[in-house]
Amino acid sequence: MKPTSTAEAISAELAAILPAEPIPAAVHSVFRTSVNLLWQERLVTLLDASRPLYPFSVRLPGALPSLTVGEPALLSREAILFPRQGVAVGLSRAAVQSLSLFSLVQPLQTPPSEALQALRETILTHGRPEGFAPLLFLLEDKPCPFPDNPYVRYAAARIPALITALRQRDALAAAEAAYSIAGCGIGLTPSADDFLCGVMTALLASALACGQERDWLPLTDAM
């Protein structure tokens, strides 16, 4: 079967574990801009050109092939094959990209106040009211332009404990606080999980900028 498309990029994490010979997988879930494949109890994601690359994913230069949940697939380092439809995604020429913070060549800088204000404006204008956008106002104890959201109120009551644990560099308390809100919210990946990933990324980015990553890795590892 010849590739009907060639992937644009593949995450280094995925490239490192794909086998030389094809191994069976199956389509797990199908969305407008992504498709998840279940392979050895792991999700491998195909992304269309509109999506940024993320761990264990492959980005195509255009649209995704038309796939259905449950159909078989074969994964290898050379290609992802869908025998039922005669479709293949070639991987041999895909750019391998490391997504780790620790692979960055340029030193990370503390975001200027203008960038933080721009982020706030993005949340205001594009945040989903049923997601975690209202959290910004609850934590600041300011009037919220979004409607009431039970998920956010649940998380907001528990996030101060997480912030306190991080300030005190208490790994056990940070893990317990993270556990208390994990899984809360909407989405295939709940909003609280996205929030926690953002917190850990911000911590490590700041630590890298100050050369203190070894001090903070135990906390994010515990979380």
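The values are calculated or read from the model by the stated rules, or taken from the named source; none is laboratory data. Predicted, not measured: the structure shown is a model, and the values here were computed from it. Here the Cβ positions follow ideal geometry from the backbone for every residue, glycine too, while neighbour counts run over all protein chains shown. The accessibility values were calculated without ligands, DNA or RNA, using every heavy atom of the protein model including side chains. Shrake-Rupley method; radii C 1.70, N 1.55, O 1.52, S 1.80 Å.
What are the residues whose amide H is under 5 Å from the amide H of residue 170, where those residues sit 5 or more places off or on another chain and H is modelled from the backbone?
It is none; the list stays empty.
Using the heavy atoms of the protein chains and a 1.4 angstrom probe, tell me the accessible area per residue for region 24-97 in square angstrom.
Value returned for region 24-97: 48 Å² of accessible area per residue.
Using the Karplus equation 6.51 cos²θ - 1.76 cosθ + 1.60 (θ = phi - 60°), what ³J(HN,Hα) coupling, rounded to whole Hz, does each residue of region 84-93 give in order, writing x for Gly and Pro?
4, 9, x, 10, 9, 10, x, 10, 5, 9
Per residue, how much accessible area does region 119-185 show when a 1.4 Å probe rolls over the protein heavy atoms, in square angstrom?
61 Å²
Quick one: pull the percent of accessible area on the chain belonging to carbon and sulfur, 1.4 Å probe, ligands and nucleic acids left out.
Carbon and sulfur: 57 percent of the exposed surface of the chain.
So if I average 1/r over every pair of distinct C-alpha atoms in region 21-166 and take the inverse, what Kirkwood radius in Å does that give?
18.9 Å
In whole Hz, with x marking every Gly and Pro, tabulate ³J(HN,Hα) for region 136-152 from phi via Karplus 6.51 cos²θ - 1.76 cosθ + 1.60, θ = phi - 60°.
Along region 136-152, the couplings run 3, 7, 5, 5, 8, 6, 10, x, 9, x, 9, x, 4, 9, x, 5, 5 Hz.
Could you work out how much longer the chain between residue 197 and residue 17 gets when fully extended? Use 0.36 nm per residue separation minus the Cα distance between them, nm to one decimal.
62.5 nm
Apply the Karplus curve 6.51 cos²θ - 1.76 cosθ + 1.60, θ = phi - 60°, to the phi angles in region 213-223 and return the couplings in whole Hz, x for Gly and Pro.
4, 5, 6, 9, 4, x, 6, 5, 5, 5, 5
By per-residue mean of other Cβ atoms within 10 Å, what is the highest-first order of 210-217, 12-19?
Highest mean packing first, the order is 12-19, 210-217.
Going by Cα centres, region 158-204 and region 86-101 are how many Å apart?
Going from one Cα centre to the other spans 31 Å.
Can you show me the helix-derived [θ] at 222 nm for the chain, built from DSSP H runs with n ≥ 4 at -39,500 (n - 2.57) apiece and divided by the number of residues, rounded to the nearest 500. Please report the intermediate quantities before stating the final value.
Working: 8 runs with 83 residues, N = 223.
Value at 222 nm, helices only: -11000 deg cm²/dmol.
Tell me which trypsin sites (Lys or Arg not before Pro) from region 57-142 have a DSSP coil assignment and no more than 11 other beta carbons within 10 Å of their own.
Working: sites: 59, 77, 84, 93, 120; in loops: 77, 84, 93.
Taking region 57-142 and a limit of 11 other Cβ atoms within 10 Å, the loop trypsin sites (Lys or Arg not before Pro) found are 93.
Under a 5 Å amide H to amide H cut-off, with H placed in plane at 1.01 Å, what residues pair with residue 25 once short-range neighbours are removed?
Distant-sequence amide H within range of residue 25: 73, 74, 75.
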